[in-house]
Amino acid sequence: MPNNVYNQLLVCVYSENPADFPTGSVSFVNLVLANATSHTQTRCASADQRTEHKIKNMNTRNFVLICFLILIAFNSYGQIEQDSISAVQKVEKQVEKQTEIQQLKVPIYKLFPTTNYWTFIKLDTRNGKMWQVHFTISEEGYEGELILNSSSLIWDDKEINGRFTLYPTKNNFNFILLDQLNGTTYQVQWNNDENKRFVSRIY
């Protein structure tokens with residue numbers, strides 16, 4: 001056996017009977033690393049350390065890769081969630097804008113003429129509040145507003161533009177107030193005399 005091969009065998013093989021090596025045969029009986037030379041032990045230990053180092057490096061790379069994939073997944077989920085929220089907010093804004101446009105078509109306040117040339121009734125169409133509106137062209141006449149009904153006839157969250165409207169009657173001082181959503185009616189009597197002004201529900 002060539003010397004270089006023989007030397008390599010000495011690194012990794014140890015026999016209790018050194019006389020076996022000159023004969024060209026190699027014995028693997030009772031092979032114990034603790035009985036090997038210090039040089040052999042060092043080389044075997046180095047090989048173990050390199051293997052362990054490679055395993056650690058592989059584990060580290062796998063860990064980093066897993067963390068990277070998790071971060072990508074979280075980032076993708078966050079982006080999808082953010083896009084969904086943005087889409088919902090965009091739809092909500094469009095609905096709000098359309099609602100505002102629709103409400104502008106139905107005014108909050110309307111003026112209804114009376115048989116008195118100088119008097120109108122101002123109605124808050126959302127809740128049924130009303131005022132007498134008087135105007136004049138002379139210094140002797142009265143100009144201003146008088147309260148007919150200062151209380152809302154419905155809850156605040158039920159207010160809608162155009163919900164209430166007034167219908168005149170043949171009586172000069174009386175109107176019928178109609179809730180156009182639930183059909184409730186009220187008798188409305190206007191008058192310059194405060195004691196004669198009232199709003200009463202019709203049952």
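Computed from the coordinates by the stated procedures, all read-outs in this text should not be read as laboratory data. Not measured: the values here are computed from a predicted model. Here the Cβ positions follow ideal geometry from the backbone for every residue, glycine too, while neighbour counts run over all protein chains shown.
Within a Cβ distance under 9 Å of TYR186, other residues only, what is the Lys/Arg minus Asp/Glu net charge?
Working: positive: ARG201; negative: ASP179.
Neighbour charge sum, excluding TYR186 itself: 0.
Just rank VAL199, VAL64, fewest to most, by other beta-carbon atoms within 10 angstrom.
VAL64, VAL199
With label points built 7 Å along Cα→Cβ from the Cα atoms of HIS134 and ASN59, find their separation and express it in nm.
Roughly 9.6 nm, to one decimal.
For the residues THR114, THR136, what sequence is obtained by ranking on other C-beta atoms within 10 Å, fewest first?
Lowest count first: THR136, THR114.
Taking the Cα-to-Cβ direction at LYS158 and at THR185 and moving 7 Å from each Cα, how far apart do the two end points lie in nm?
1.9 nm
Across segment 106-121, in residue order, what do the Karplus-derived ³J(HN,Hα) couplings come to in whole Hz, using 6.51 cos²θ - 1.76 cosθ + 1.60 with θ = phi - 60° and x for Gly and Pro?
For segment 106-121, the Karplus curve yields 10, x, 6, 10, 9, 9, 10, x, 10, 6, 7, 4, 9, 10, 10, 10 Hz.
Expected output is a single nm value to one decimal: the length gained when fully extending between GLN89 and TYR77, i.e. 0.36 nm times separation in residues minus the C-alpha distance. What is it?
2.5 nm
Please list, by residue number, everything in segment 147-175 whose backbone N is under 14 Å from a paramagnetic label point 7 Å out along Cα→Cβ of SER200.
Counting only backbone N, you get 174-175.
Collect residues whose amide H, placed 1.01 Å from N in the peptide plane, falls under 5 Å from the amide H of GLY162; neighbours closer than 5 in sequence don't count.
The answer is THR125, ARG126.
Most exposed first by the Cβ proxy, i.e. fewest other Cβ within 10 Å, how do ILE176, ILE72 rank?
ILE72, ILE176
Would you work out which of ASN62, SER86, TRP190 lies farthest towards the positive end of the dipole of segment 58-203, given +1 charges on the beta-carbon of Lys and Arg and -1 on that of Asp and Glu, about the Cα centre?
The listed residue farthest towards the positive side: ASN62.
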